[in-house]
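Readers should treat all values here as calculations from the given coordinates under stated rules, not as data from a laboratory. Quick caveat: nothing in here was measured; it's all calculated off a predicted structure. A quick note on method: Cβ atoms are made from the backbone with ideal geometry, for glycine too, and the neighbour counts reach across all protein chains shown.
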Amino acid sequence: MIKLLKYLKLLSAAICLIPLLQACDPKEDIDDPDENFRTGFYGSVNIEFPIEDIHLPHRCIKRSDLSIAYTADSLYRKEYVTVANVSDYQSLYKFSLEPGSYYYQAAKTCICGGDTCLWGGYPGGQNGMIYTMAKFDVSIGKISYDKITFD
């Protein structure tokens, strides 16, 4: 009798879990309800942020900033429209913005010790940062692409 009760409990637990396991399909695309709204009023920009440097080992260079503002002087005043959470594992950043002209500011830093960073052109040597800035345009329903270059 005890074995039968244990078997029934196990069977009822399995029956309860089957619908829960079928409800979660990780391959299923989840529709964003705001997607149609955003595509009707916004445009997109995809910014590629490579950290290649021919003078330094790859492990020495880290992404440190990617900010977007309406004007160039807004970047200097830190009045940003949006800022990316940059990562060493992600090189493409996507933004949905209202149509118009924008500026981005990108920065990378060198973390190697000694004079390696100084010889690589980073002011101050270790933990020195190099900045770049560029202008881009966003149009409604369009996706624009830009690749960051440090000169």
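Max-minus-min Cα coordinates of the stretch 43-147 on each principal axis give 48, 27, 19 Å, with the largest extent listed first. Each residue of the stretch 113-127 is assigned a 3J(HN,Hα), and the resulting list reads x, x, 9, 4, 5, 5, 5, x, x, 8, x, x, x, 4, 6 Hz, derived from the Karplus form 6.51 cos²θ - 1.76 cosθ + 1.60 (θ = phi - 60°), x at Gly and Pro. Using R0 = 25 Å, the C-beta based FRET efficiency linking Ala72 and Gln126 works out to 0.30. Measuring from centroid to centroid over Cα atoms, what is the spacing of the stretch 130-146 and the stretch 43-61 in Å? Rounded to whole Å, the Cα centres lie 16 Å apart.
By average Cβ neighbour count within 10 Å, what is the ranking of 61-71, 42-52 from highest down?
Packing proxy ranking, top to bottom: 61-71, 42-52.
Put in line by how crowded their Cβ is, counting other Cβ atoms within 10 Å and starting with the fewest, Val81, Val86 read Val81, Val86. Show the residues, 5+ positions off or on another chain, whose built amide H is closer than 5 Å to the amide H of Thr82. Those lying under 5 Å, H to H, from Thr82 are Ile68.
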